[in-house]
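This report refers to the structure that appears directly beneath it.
Read the figures in this text as sums done on the coordinates, not as results from a lab. Predicted model only: the values in this text are computed from it and were never measured. Positions of Cβ are backbone-derived with ideal geometry, glycine not excepted, and every protein chain shown enters the neighbour counts.
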Amino acid sequence: MSRLTKITDENASPAAAELFGAIKSKVGMVPNVYRVIANQPAALKGLLGLGEDLGQGSFDAATRDAIALAVAGENNCDYCASAHTAISKGLKVDQNEITARLNGKSSDERLQAILTFAVAVVDKKGFVSDEDLALARNAGLDDAAIVETIANVVANIFTNYINHTAQTEIDFPAVSAKAA
């Protein structure tokens, strides 16, 4: 049971109900993490807006989802590991690659550079070293890709921390964040 209220369709404020409608139109349901965040509709609107805006960046959905998996793994967020495993499967990502991504790894060289940097950002709370930046740049990431990686990390840390605080009930096939 969640330690924070899970807003239902029946008790949603008008602002939350409007956001729920938008979520349902995109994914067919309102995941529990969004129902918890809806305790403050401005926070849910901000998170959804950030996600929409990041969707306009240079990273495709599979890359953004890979970052989400790596961040979930680093932050030991079973809810996000479960949700993003389901999303990855929908994007036709192989199960071995999904497991690797939960551990900050990828068989794709560019994606590996992104995940290595993302994990460094999480582990060092943003205080990455000159060496971390040099490794990212040497792997072909420019400043735009570095900023986009950080933005995706931050969006996922928000949901990880909400889930840690709320102990959100997982409403996807359950996956352990520490898959390997």
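When the helix-only estimate is applied to the chain (DSSP H runs of n ≥ 4, each -39,500 (n - 2.57), divided by the residue count), what is the mean residue ellipticity at 222 nm, nearest 500 deg cm²/dmol? Don't skip to the answer; put the middle values down first.
On the way: 9 runs with 118 residues, N = 180.
Rounded to the nearest 500, the figure is -21000 deg cm²/dmol.
Averaging the Cα positions of each part gives two centres, and for the stretch 154-169 and the stretch 67-133 these lie 16 Å apart.
So, counting K/R as plus one and D/E as minus one, what does the shell of residues with Cβ under 10 Å around residue 17 add up to?
Surrounding charge for residue 17 is -3.
With a cut-off of 14 Å between beta carbons, the residues surrounding residue 171 carry a summed charge of +1, where Lys and Arg count +1 and Asp and Glu -1. Stretching the chain fully between residue 27 and residue 178 yields a gain of 51.8 nm (0.36 nm per residue, less the alpha carbon separation).
Just the Kirkwood number for the stretch 60-180, please: inverse of mean 1/r across all distinct Cα pairs, in Å, one decimal. Numbers along the way, then the final one.
Working: mean 1/r = 0.0710 Å⁻¹.
It is 14.1 Å.
Which angle from 0 to 90°, rounded to the nearest 10, does the C-alpha axis of helix 14-27 make with the longest principal axis of the chain? On a 0 to 90 degree scale, this one is about 50. Here the extension length gained between residue 91 and residue 167 equals 24.7 nm, from 0.36 nm per residue of separation less the Cα-Cα distance.
What FRET efficiency do you get for residue 60 and residue 127 if R0 is 30 Å and r is their Cβ-Cβ distance, rounded to the nearest 0.05? Please report the intermediate quantities before stating the final value.
On the way: r = 28 Å, r/R0 = 0.95.
FRET efficiency, residue 60 to residue 127: 0.60.
Give me the count of lysine pairs in the stretch 1-126 whose alpha carbons sit under 30 angstrom apart, restricted to pairs 8 or more positions apart or on different chains. Number of lysine pairs found: 22.
For the ranges 165-171, 81-87, 21-27, what's the packing order if you count other beta-carbon atoms within 10 Å of each residue, average per peptide, and put the highest first?
On the way: 165-171: 17.6, 81-87: 24.3, 21-27: 12.3.
Ranking the peptides 165-171, 81-87, 21-27 by packing returns 81-87, 165-171, 21-27.
Calculate the FRET efficiency for residue 15 and residue 134 from the Cβ-Cβ distance with a Förster distance of 30 Å, rounded to the nearest 0.05. List each step's numbers first, then the result.
On the way: r = 45 Å, r/R0 = 1.49.
Computed FRET efficiency for residue 15 and residue 134 comes out at 0.10.
Rounded to the nearest Hz, the phi-derived 3J(HN,Hα) couplings of the stretch 125-139 under the Karplus curve 6.51 cos²θ - 1.76 cosθ + 1.60 (θ = phi - 60°) are 6, x, 7, 5, 8, 4, 5, 4, 5, 5, 4, 5, 5, 5, 8, where x marks glycine and proline. Computed from Cα atoms, the angle from the helix 41-54 axis to the main principal axis of the chain rounds to 40 degrees. For the chain, the longest principal axis of the C-alpha atoms and the axis of helix 78-90 are separated by about 80°.
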